[in-house]
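Undergrad: Have a look at this one before I ask anything.
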Amino acid sequence: MNKSDTILRARAIAAAKVEASNILEDGINLLHFRIGKEKYAIESEVVSEVYPSVSLTPVPYTPSYIQGIFHIRGRFVSVVNLNDFFGIEKMSEDQTGFIVLLGHGEMEFGVVVDDVMDQSELSRKQLQMIPSDFDFPRADLVLGMSEEGVIVFDGKKLMADSAMKIQTEV
Amino acid sequence: MRFTIGNKIFSAFGVLFAVFLIFGIQMYQKAEEMRKASHERVELSTMKTTLNQMVILHYSRLMELDEAIHTKSLPTFPIAYEECEFTKWRAAYPVNDPHTKNELEKLDSVHKQLHIVFGQIVALMKQNQYDKATELYESAVKKNLHEMIAIYQPMFNEIDQHHRALVEKRDTNLDEMKTLLIIGLLVTLGLIAIFYLWLRRSIITPASQMTQIANEISKGNVQQEIRFSANDEIGDFANAFRGMIVYMQEFSAVAHRIGEGDLNVSITPRSENDVLGKALNNMLITLNEIMTQLKEGTFALNSATSEILATASQVSSGASQTYSALTQTSASIEEIKQTAKVSSAKAVQTAESTVKVMEIAQNGSDGLDENMKGLNQIKEKMDLIASNIIQLNDQSQMISEIITTVEDIANQSNMLAVNASIEAVKAGEQGKGFSVVAGELKNLAEQSKQGTKQVQKILFDIQKVTGTLVMVAEQGGKAVESGVAQALKAKSSMEQLNSSVLNAANSGRQIAASYEQELSGMDQISNAMSSVKEATSQNLSSIKQVEMSAKDLSTLSQKIKAIMDHYMIDESK
């Protein structure tokens, strides 16, 4: 019990420190994820859930970035492939590990990601503009880029984008 | 009358003897004279001695008497005249002439007188009238003594004179004898010299000459000449020797002629006992006969030897050819024999080695059976291992599933944690505590993941190992199978080998047997060849010898013919 006590204590201290540093003014709580080699982040506000990857049922007559739909707790959620959406070529194999459920208002869809990393508090000031030589379509949907080169999406804008609204009618 | 050597010698000795005789007689006479003189001298000597003795006696008597007188003792000597030794002496005294007799008478009378005086003196002494005795002694005796001496002296002188005369005579005689001797010696010497020379001329000279001639003849030199002649035995001897020499010369001349090759000579035997002459005659006859025959014979011999030579050469060449052919044949047979021997040896070796091979094959077969047993065991073990591995695999599979489950759980926990944190953020202030819990839950989930990752890694390793093991087992199994298959193959090969080796062995034995037969046959041939070869070789050598002999013979006959031609035959014999 001593060992566990020690570990817990150390954790508590570390967590406490994290807590201290986490308090930032004008901070956004971001959820970091990875698609292929690129690291992205999105506001945790818009993240409703992280769900493990499941098999998606493709829906015909839908844009290519709609990877499919899946069933979660009684409701169907459509899943988007961000690379296709943004027109970025996938740099790596399809290793979708998770589906990040984004939800804002009534809009809800999932994003296929390879991996979900930690959450972090980030100040808006720390966000930089995307450099001009960095070819990223739909830059309007991007809040900026962090110091570590993490592309931070504007979640609300993303949710509101018209491209996301798809007629589900056949 | 011949003055023979004997006569000569006799005469020489005679002359010598005469000379000896003359001188001898002379010497004899002289010796006789000397003997007489010597006798006389002896007599004289005796006389002198006697006289001396008488004188000494009387002197000693006198001294005795003197001493007796002085010592007043009686003398011991016989006083009386009759007892005196004088009488004896006188008897013994050689009286040869009246003068001596006269003197002796005188002496005797004096002596008698002396004895009378002695008697007187003794009588006086007996009467102890020593003075008178002495007186008488002094006077009478002395007087007597003087008288005696007077008589003695001339007697002595006479004797001495006589003695001297005799000695002188003796010396004269001796001188004469010496002279005679010298003369005699010289004469003898002269005569001996003369005779020596004479006899030498008569005997020694011719004898030595003839000895020389005889020596020469004994050396074979019969051309000798005797120049000596005399009318005595030596001369006869010389004549006879001359005749002998002539005889020998004649014969040697004849022999010389014969030696020259002229058999046309003859010898007349000197007598019935001329053995040499008769023998030579016979020899001549025989020689003539022989020569004739020889001449005929050599001619025939010559022709015959030529024929023989030709034939011998032919035969020799033929024999040489035969011999060389035989040699070749013999060599070939030897080669065949050698080959057969080698093959036979090899066949025997093969037969022996096949036995070994069969043994080895049998060993191999047995080994293979064991091998297969072993392989089967290995296979069983392999199967065991494989089943074990499968079990292991199943278990690791189960573990893997469990791990996957755990991982799932961890992931889900992570998800839950993330969701929780998101909700916590959404909750705002109230959610801070919850976000901590969510963070812890995430950590836990992370650790679980790590743990599962490690376990997965270990499982992965195990699976790798088991995979390897399975592979190995499979390989082993395959290897075993292949091994078994190979062993079976090997076994079948062994059996095939065995059977073929057996065949080979049998064949080898057959070959060996046949080779043995061949070998014995070859041996026989070889022996026969050797015999023939030897015979031919002997033949060849004999032929060669014959050829050589024929050549010699031919040469010889030629020589003989030449010799024959040299001789002239007496056709009459």
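Undergrad: Condition first: of a type outside the set (Asp, Glu) and within 14 Å of chain B (Cβ to nearest Cβ). Now tell me which residues in region A:46-87 satisfy that.
TA: Matches in region A:46-87: A:Val46, A:Val47, A:Ser48, A:Val50, A:Tyr51, A:Pro52, A:Ser53, A:Val54, A:Ile72, A:Arg73.
Undergrad: Still on this structure: Hey, B:Ala150 hits all of (1) surrounded by fewer than 16 Cβ atoms within 10 Å (Cβ to Cβ); (2) more than 30 Å from B:His111 (Cα to Cα) but one; which does it fall short on?
TA: (2)
Undergrad: Can you tell me how many residues in region B:331-342 are touching a residue at least 24 places away in the same chain (Cβ under 8 Å) and surrounded by fewer than 17 Cβ atoms within 10 Å (Cβ to Cβ)?
TA: 3
Undergrad: On the basis of being more than 11 Å from chain A (Cβ to nearest Cβ), without any contact (Cβ under 8 Å) to a residue 24 or more places away in the chain, among the β-branched types (Val, Ile, Thr) and within 30 Å of B:Asp383 (Cβ to Cβ), does B:Val472 make the cut?
TA: Spelling it out, B:Val472 is indeed more than 11 Å from chain A (Cβ to nearest Cβ), without any contact (Cβ under 8 Å) to a residue 24 or more places away in the chain, among the β-branched types (Val, Ile, Thr) and within 30 Å of B:Asp383 (Cβ to Cβ).
Undergrad: Separate question: Does region B:431-450 hold any residues that are surrounded by fewer than 15 Cβ atoms within 10 Å (Cβ to Cβ) and under 12 Å from B:Asn411 (Cα atoms), and which are they?
TA: The answer is B:Gln447, B:Gln450.
Undergrad: Just need a number here: residues in region B:422-443 that are of a type outside the set (Val, Ile, Thr), part of a helix (DSSP H, G or I) and either more than 8 Å from every other protein chain (Cβ to nearest Cβ) or within 15 Å of A:Leu31 (Cα to Cα) (or both).
TA: 12
Undergrad: Name the residues in region B:272-301 that are among the acidic types (Asp, Glu) and either under 52 Å from the mean Cα position of the chain (by Cα) or part of a loop (DSSP other than H, G, I, E, B) (or both), would you?
TA: B:Glu272, B:Asp274
Undergrad: Determine if region A:99-109 includes at least one residue that is closer than 28 Å to B:Lys442 by Cα, assigned to a loop (DSSP other than H, G, I, E, B), in contact with a strand residue (DSSP E or B) (Cβ under 8 Å, 6 or more places away or on another chain) and at pLDDT 75 or above.
TA: No.
The values are calculated or read from the model by the stated rules, or taken from the named source; none is laboratory data. The structure presented is a predicted model; accordingly, all values stated were derived computationally and were not measured. All Cβ positions, glycine included, derive from the backbone under ideal geometry; neighbour counts span all protein chains shown.
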